[in-house]
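Okay, structure first, notes after.
Bear in mind these aren't lab numbers, they're just calculated from the coordinates by the rules spelled out. In this text the structure is predicted, and so the values were computed from the model without any measurement. When we count neighbours, we look across all protein chains shown, and the Cβ atoms used for this are built from the backbone with ideal geometry, even at glycine.
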Amino acid sequence: MKYRYYICDVFTETRFGGNPLAVLPNADGLSDHQMQQITREFNFSESAFVFPAKAGNTRHVRIFTPAGEIPFAGHPNVGTAFVLASAGEFGEVNSSLTVTFEEEAGLVPITIYCEQGAVVRCEVAAPESLSLGKTIAIQLVASAVSLSPEDILIHTHHPQVCSVGLPFVITELQDRTALERARINMSGFDALADMDIKPSMQNHRSLAHRDVAPCRR
């Protein structure tokens, strides 16, 4: 069986800029293993696989990284909505349309904005309210990104696990120079991965996370 796919650049209007994404608008029949293989072949940070809705919403979407499936991410939703709308999957969109994707993390509303018959941007609301997890030792975070502990600021907050559907460690750095010097250190990342960093679901903040971006197909 043949499968159609699109490659789009998210967070940009420039070809080969932004954040690349592969979208398969009809992934029916693909196994988990096949989707993982396809994602590794594209070798983008994420690839999105679209299925008919299971619970009466617009579509069911699964997102894979080269390492495995994840429950939610921002730019794959922006790009998938853009691709489907541009391909006419949602019919004619005069000015705006809100669709809902079913994902592992929950329901993801996306508003699609059009001008003169073309999609110009998409706005994504996260499936969960902000939840805060444990704080992480600055030495561990610094090691993971090849920086010194002095590069990390803790006046506002310590490095902390935060999530609106997918956990991240949020860290404040001294300045842009520190950010430019940051490099992946896999042994440092392995140390973080060995920790249970899932946020506590009892520590919620009423804060909506939104990704707003144009795309180029």
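Dipole of region 80-180 computed with +1 at Lys/Arg Cβ and -1 at Asp/Glu Cβ about the Cα centre; of Q174, V145, G106, farthest Cα towards the positive end is Q174. The magnitude of the dipole of region 130-204, with charges of +1 and -1 set on the Cβ of Lys/Arg and Asp/Glu and taken from the Cα centre, is near 140 debye.
Between rounded, prolate and oblate, where does region 21-101 land on the alpha carbon gyration tensor, with a ≥ b ≥ c its root eigenvalues, rounded for a/c under 1.5, else prolate if a/b exceeds b/c? Taking the square roots of the gyration eigenvalues as a ≥ b ≥ c, region 21-101 is prolate.
Counted by neighbouring Cβ atoms within 10 Å, the residues E92, E13 run from fewest to most as E92, E13. Once both labels are positioned 7 Å from their Cα atoms along Cα-to-Cβ, the gap between D32 and K54 label points is 1.2 nm. What FRET efficiency would be calculated for the residue pair E89, R40, taking the C-beta separation as r and a Förster radius of 22 Å, to the nearest 0.05? For E89 and R40, the calculated efficiency is 0.25. A cut-off of 5 Å between modelled amide H atoms, ignoring neighbours fewer than 5 places along the same chain, links L173 with L153. Counting every C-alpha pair in the chain, the share spaced more than 23 angstrom apart comes to 53%. For the chain, a simple Cβ point-charge model (Lys and Arg +1, Asp and Glu -1, everything else neutral) yields a dipole of about 280 debye relative to the Cα centre. The local environment of I63, defined by Cβ-Cβ distances under 10 Å, has a net charge of -3 under the rule Lys, Arg +1 and Asp, Glu -1.
Of the residues F64, P127, A85, the one whose Cα sits farthest toward the positive end of the charge dipole of the chain, with +1 on the Cβ of Lys and Arg and -1 on the Cβ of Asp and Glu, is A85.
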